[in-house]
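Student: Following this message is one structure expressed as C-alpha cells.
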Amino acid sequence: MYAVVENGGKQYRVSLGETVRFETMPGEVNGPVDLGRVLAVVSDDGEVKTGKDVAGAKVTGTLVENDRGPKVIVFKFKRKKQYRRTIGHRQNYSAVKIDSIQA
C-alpha cells in the first residue's frame, strides 16, 4: 500500500516503513507528525482511490531528524571580465518515517 501526499508544494509517494525527506517541518525529533494533504491511496490489491474517496485519508509518521543536505556549489563566471563568484547552499530537510496510512 502506498499514498501520494502533498507537502511544501511538492508531491511525494510514500509507503509504510519508508523514511522520506521533506522540507523542514515543525515538531520535535521522535515526535508524531501529520503529513499534508493526501492526494491518492493505492491498496495492495491495486485499487486506486482519489478525489472525494480520500477525503478522510490520513498519513502519519515519526520525525526522525532535522538536518541539512549536502553542500551545492554555485559558480558564476563571465569570461574576459575578471568576474567570478562562488557561493554554497545547504538545503534544510526533515526525515520522516511513515507509520500509518489510513484510507
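Derivation of every value follows stated rules applied to the coordinates shown; laboratory data play no part. Keep in mind the model is a prediction, meaning the values are calculated, not measured. Positions of Cβ are generated from backbone atoms using ideal geometry, with glycine treated the same way; all protein chains shown enter the neighbour counts.
Student: Sort out the exposed loop trypsin sites (Lys or Arg not before Pro) in the chain (DSSP loop, at most 10 other Cβ within 10 Å) and tell me the longest stretch that has none. Numbers along the way, then the final one.
Tutor: On the way: sites that count: Lys71, Arg79, Lys80, Lys81.
The reported range is 1-70.
Student: Give the average over all directions of the projected area of the C-alpha convex hull of the range 2-102, one decimal, in nm².
Tutor: One quarter of the hull surface, i.e. the mean projection, equals 8.9 nm².
Student: Okay, next question. May I ask you to list the GluC sites (Glu not before Pro) in the range 20-76 that are in a DSSP loop and have at most 12 other Cβ atoms within 10 Å of their Cβ?
Tutor: Answer by residue number: Glu23, Glu28, Glu47.
Student: Quick one: order Ser15, Ser100, Ser94 by neighbouring beta-carbon count within 10 Å, fewest to most.
Tutor: On the way: Ser15 12, Ser100 9, Ser94 22.
So the residues, fewest neighbours to most, are Ser100, Ser15, Ser94.
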